[in-house]
1. What do the square roots of 5 times the Cα gyration tensor eigenvalues come to for the range 95-229, in whole Å, largest first, as semi-axes of the equivalent ellipsoid?
2. By its C-alpha gyration tensor, with a ≥ b ≥ c as the square roots of the eigenvalues, how is the range 153-201 shaped: rounded for a/c under 1.5, else prolate for a/b larger than b/c, else oblate?
3. Could you give the length gained by full extension between Thr277 and Leu232, i.e. 0.36 nm per residue of separation minus their alpha carbon distance, to one decimal place?
4. Along the Cα→Cβ direction, 7 angstrom out, place labels at Leu70 and Ala124. What is the inter-label distance in nm?
5. Which lysines have a Cα less than 18 Å from the Cα of Lys273, not counting those fewer than 8 places away in the same chain?
6. Efficiency by 1/(1 + (r/R0)^6): what FRET value for Asn241 and Ala59, r their Cβ-Cβ distance, R0 = 35 Å, to the nearest 0.05?
7. Quote the accessible area belonging to Trp108 in square angstrom, nearest 10, computed with a 1.4 Å probe and with ligands, DNA and RNA left uncounted.
8. With all protein chains present, how much of the accessible area of the range 167-272 (probe radius 1.4 Å) comes from carbon and sulfur, to the nearest whole percent?
Amino acid sequence: MTTDAPADRPPRSEENAVDTAPPGPPGPTAAAAAPPSRAGRDLTRAIPVGVGLGALVIASIAFNPRAWYLVAAGAVAIGTWEVFKRLRQAQFRLPLVPLLLGGQAMVWAGFFAGARGAFAAFAATTVLVLVWRLLMAGLTTAPQNYLRDVSVAVFVLVWIAVPGSLGAMLADGDFGAQRVVALILLVVCSDVGGYVTGVLFGKHPMAPAVSPKKSWEGFAGSMVFAIVGGALVVVLLFDDNVFKGVLLGVLTVFTATLGDLIESQVKRDLGIKDMGTMLPGHGGFMDRLDSVLPTAVVVWIIFTFVVPT
């Protein structure tokens, strides 16, 4: 929901059909009232959390790479729940059960039937969302803001569950562990490169209307780190052409940066600083997934069609 036009409040009969949503959050100006520090994060809390998440990834693929599906399924569920709660605070009325069950169906359909299974689960979930939201208030009450809410619900699926299911499928095949490691290393390279150079040298904002802390200097740092990381990953883990690794690094920076900007704009529309408080020093779980999810799509495409394994 944008801050330009507040959502119409549903009639009493529909409101009583489900739990009443709490009052919406303040506008984006309130969320941005306190200027952020130059570092932007509490490193004493953020670093241990980041190390813990990395350890979880390593542990998930050490014994069996396909155990990564469990991590991906959990990430999709938590991310969907966080976003749902924030949207409910902003008076959106989304069908939670189809979003949660559909996200899991997409991940596990990919486990059993690959990309075709995940797409079929997405199509079925979309239909279920349309019907569920239509009938949330019962058969005798016309739904309010139906088009708005189902559009946002499908957006949540496309934003979280679709890339999450593709990211899970990276674990398939003989090089599954290497592909998962490649995804995580590339995102870390982009994030660390952008953070370090942005803090040290950032002076020229990239998109101040969306994310004031992002700078072109940080973007350049992300590019350098990710290109080096992509080249090393492709050469050392897959014994393939270094230029394919360079391409992977460049695409990673664009997707990771755009993913971060997309989430920043969503939070700005909702007037919030973080999606949640689950990860100390980082914010919510979605505040860490924002760059991973779109990058997972690119990494899956590259390792499916460009660097076949």
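The values are calculated or read from the model by the stated rules, or taken from the named source; none is laboratory data. Keep in mind it's a predicted model, so treat the numbers as computed, not measured. Cβ coordinates were reconstructed from backbone atoms using ideal geometry, including for glycine residues, and neighbour counts include every protein chain displayed. Note: areas computed on protein heavy atoms with side chains; ligands, DNA, RNA excluded. Shrake-Rupley method; radii C 1.70, N 1.55, O 1.52, S 1.80 Å.
1. On the way: eigenvalues 271, 118, 12 Å².
The equivalent ellipsoid of the range 95-229 has semi-axes of 37, 24, 8 Å.
2. Details: a/c = 6.93, a/b = 1.33, b/c = 5.20.
It is oblate, given that a/c is not under 1.5 and a/b is not larger than b/c.
3. Working: separation 45, 0.36 × 45 = 16.20 nm, distance 3.45 nm.
Working it through step by step, the gained length comes to 12.8 nm.
4. About 2.4 nm, to one decimal.
5. Correct list for Lys273: Lys85, Lys213, Lys214.
6. Values: r = 31 Å, r/R0 = 0.90.
So, using R0 = 35 Å, E works out to roughly 0.65.
7. 80 Å²
8. On the way: 3430 of 4690 Å².
Percent of accessible area from carbon and sulfur atoms in the range 167-272: 73.
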